[in-house]
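Working notes, beginning with the structure itself.
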Amino acid sequence: MDKLSNQEEAVELLQQLGLQEYEAKAFVALTRLRQGTAKEISEVSDVPRTRVYDAVRVLESAGLVEIQHSNPQRFRAVSVGEAADTLQQKYESRTDSLRDSLEAIDSVSPDTEADVTHEVWALSGSTGISSRTQQLIDEADEELIFVLGDEAIFTDQLVSQLQAAQQRGVAVIIGTTDETVRERVQDDLPESEVFVSGLGWLSDSYWVSDDTEISRLLLVDQSSILVSTFHGTSENAREHEQAVFGRGFDNGLVAIARRLMATGLSPVDDPGTDDP
């Protein structure tokens, strides 16, 4: 499938944010026109002229379009920044309402969370995996070890999450794949223990016939583990990140994972072992 044009992509995204097709097309048309009549909007957007009025009324009520009551009426879209802010607030409001509704739904199964052990689940997509990473970091009480297999995941947002964990008194230990990345991480998180990991197999270059790269390894409070990978070197490879996530492991498995992830720390800096 050919890549969508900017105009087509904008229409599609607006629909994903709750606008109907004609509303999205009319708004994009007005963004191009700056201002125009129903006839001009119809000509640019391919929306039937009789439907333009309905679409514009919806856009006006949503705070996305302004109307000049002349003859004929003229319409103009609010600025791109204002429109983005308006849609973001609407989206966040709906997300908050969804969270409240879902949390209020009565469960049809008994609460077995306290009995869960050795659970392992699969996750797909960098957005979901980043969200689970944030959740685990937010839940950390004592210690987290985070090995960065891919420098691209070390974002400003991740730095803020790790800093918040440190402020709660969580010991943050971070492994990197090379010295340059280690220096960058140490500059951004000076209170963290940062080391160059001895796990050469994190990189796909270690395996001649394998294009799989481990992007992140995270161990939180010696009980929750997340490992993610992506395949290939294309620009969108990271969009197809895959991960496994687990909680409630016995101390033996955690000790092995912890020692593997801490490979590269000097004996002096080693945070200790947790033998079963």
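The values are calculated or read from the model by the stated rules, or taken from the named source; none is laboratory data. Note that this is a predicted model, so its numbers are computed, not measured. Cβ: placed from backbone, ideal geometry, glycine included. Neighbour counts: every protein chain shown.
Can you find even one residue in region 148-159 that is among the charged types (D, E, K, R), in contact with a strand residue (DSSP E or B) (Cβ under 9 Å, 6 or more places away or on another chain) and not in a strand (DSSP E or B)? Among the residues of region 148-159, at least one is among the charged types (D, E, K, R), in contact with a strand residue (DSSP E or B) (Cβ under 9 Å, 6 or more places away or on another chain) and not in a strand (DSSP E or B), which makes the answer yes. The single condition among (1) modelled with pLDDT under 85; (2) not in a loop (DSSP other than H, G, I, E, B) that Ile225 does not satisfy is (1).
In region 28-38, is there at least one residue being in contact with a helix residue (DSSP H, G or I) (Cβ under 7 Å, 6 or more places away or on another chain) and outside any helix (DSSP H, G or I)? Yes, because at least one residue in region 28-38 is in contact with a helix residue (DSSP H, G or I) (Cβ under 7 Å, 6 or more places away or on another chain) and outside any helix (DSSP H, G or I). Name the residue, out of Val56, Val65, Val11, that is under 31 Å from the mean Cα position of the chain (by Cα) and more than 17 Å from Lys90 (Cα to Cα). Exactly one residue qualifies, and that residue is Val11.
Scan region 203-220 and tell me whether some residue there is of a type in the set (Val, Ile, Thr) and either under 25 Å from Gly248 (Cβ atoms) or at pLDDT 90 or above (or both). Please lay out each step first, then the result.
Residues of region 203-220 that are of a type in the set (Val, Ile, Thr), as a first pass: 208, 212, 214, 220.
After this cut, where a residue has to be either under 25 Å from Gly248 (Cβ atoms) or at pLDDT 90 or above (or both) as well, the list is 214, 220.
Among the residues of region 203-220, at least one is of a type in the set (Val, Ile, Thr) and either under 25 Å from Gly248 (Cβ atoms) or at pLDDT 90 or above (or both), which makes the answer yes.
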